[in-house]
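Quick notes on the structure that follows.
The numbers here are math on the coordinates, done by the rules we state, and not lab data. In this text, all values refer to a predicted model and were calculated from it rather than measured experimentally. Virtual Cβ from ideal backbone geometry, glycine too; neighbours counted across all protein chains shown.
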Amino acid sequence: MTSSVKAKLSVSIVLYHNDLSILKTIECVLKCNLVWTLYLIDNSASDDLRRIVGDSRIKYIFNKNNIGYGSAHNIGIKRSSEAGCAYHLIMNPDITFAPGTLEGIYSFMEQNRDVGSLMPKVVYPDGELQRLCKLLPSPIDLFGRRFLPNNASLKKRNSKYELHAFSYNDILNTPCLSGCFMFTRVDALKKSGVFDERYFMYLEDYDLNRRIHRHAKTIFYPYAQIVHGHAKESYKNGALLRIHMMSAIKYFNKWGWFFDKERERLNREVLNVIKHHH
């Protein structure tokens, strides 16, 4: 079997002291015959999770310490690229989906060569929609919603930032998507570059999608659905909040704080598309 035939899709999941619910996620991935390799990249302090490897398609990589979310996924992306995979799925460890989900996304990507990255419809375990399509954030969007959640004018701004006018029933090409599930075209990553390793955690997904969006579509795809046990940890945990803030500062230092012409243009385009859809 030539590598071009077998290496259709690889997947990376970053581990950090996970409980055994990760097994459900692994099972979902390995049910898909398109998956050539599942990289389990472990940022935990010990390699206890090595024992969950029970399939020849799993490659377990132990980093000995927490090198960060994007840096760990980059190991998987690099290996996918070297193996000649056409697609690489970047995925959180708390995601499950029905059989056939990855196959459906794969065939869409095969038919739409201009798409560089795709995020499906994401729901909570109770079925409620997670609104993960957003505008590219400004400092007010990120800091305001965190520290002044009850300010009336910021609430209005936040519903625009979170695209509350969007129904989640249409395909939307938007530069700002969550990294909890990024189905990427490896050739697009070769053009955009991989995760920026200056971000330890948070906003590395917005940064990468934005770079992919410069030369390919980054789309929300409503015809596939996944379940994400998302817990907004940084809202509860002081250490994670600090990391989130540091990432936000790095993001705005890189892309512009109050003057970011590309952000203004792209956000305008997305809002126009939504207005004409509804």
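Annotations for the structure displayed:
- Top positive-direction residue, dipole computed over the chain with Cβ charges, set Cys133, Asn92, Tyr60: Cys133
- For the chain, a simple Cβ point-charge model (Lys and Arg +1, Asp and Glu -1, everything else neutral) yields a dipole of about 720 debye relative to the Cα centre.
- Dipole orientation for the chain: of the candidates Ile274, Leu189, Gly179, Ile274 has the Cα lying most toward the positive pole (charges on Cβ; Lys, Arg +1; Asp, Glu -1).
- Extension gain (nm, one decimal) between Ile22 and Asn237, 0.36 nm per residue minus Cα-Cα: 75.2 nm
- Charging the Cβ of each Asp and Glu at -1 and of each Lys and Arg at +1, and nothing else, the dipole of the range 35-165 about its Cα centre rounds to 540 debye.
- Beyond 32 Å in Cα-Cα separation lie the following of the pairs Lys59/Lys261; Lys156/Lys190; Lys78/Lys121; Lys59/Lys121; Lys64/Lys254; Lys160/Lys254: Lys59/Lys261; Lys156/Lys190.
- Shape descriptor for the range 118-231: Rg over Rh equals 0.97 (Cα atoms; Rh from the Kirkwood inverse mean 1/r).
- Relative frequency of Cα-Cα separations exceeding 30 Å in the chain, percent: 27
- When +1 charges are put on Lys and Arg Cβ atoms and -1 charges on Asp and Glu Cβ atoms, the dipole computed for the range 97-162 relative to its Cα centre reaches about 560 debye.
- Here the peptides 100-106, 12-18 are ranked by packing, the mean other Cβ count within 10 Å, and the order with the highest first is 12-18, 100-106.
- On the basis of the beta-carbon distance and an R0 of 41 Å, Glu128 and Lys191 show a calculated FRET efficiency of 0.70.
- Set of aspartates and glutamates with alpha-carbon distance to Lys275 below 17 Å, sequence-local pairs under 8 removed: Glu162, Asp170, Glu264
- The relative contact order of the chain, computed from alpha carbon pairs under 8 Å that lie at least 6 residues apart in sequence, is 22 percent.
- Karplus-derived 3J(HN,Hα), 6.51/-1.76/1.60, for each residue of the range 182-189, Hz, glycine and proline x: 10, 8, 10, 8, 4, 4, 5, 5
- Here the peptides 214-223, 249-258, 179-188 are ranked by packing, the mean other Cβ count within 10 Å, and the order with the highest first is 179-188, 214-223, 249-258.
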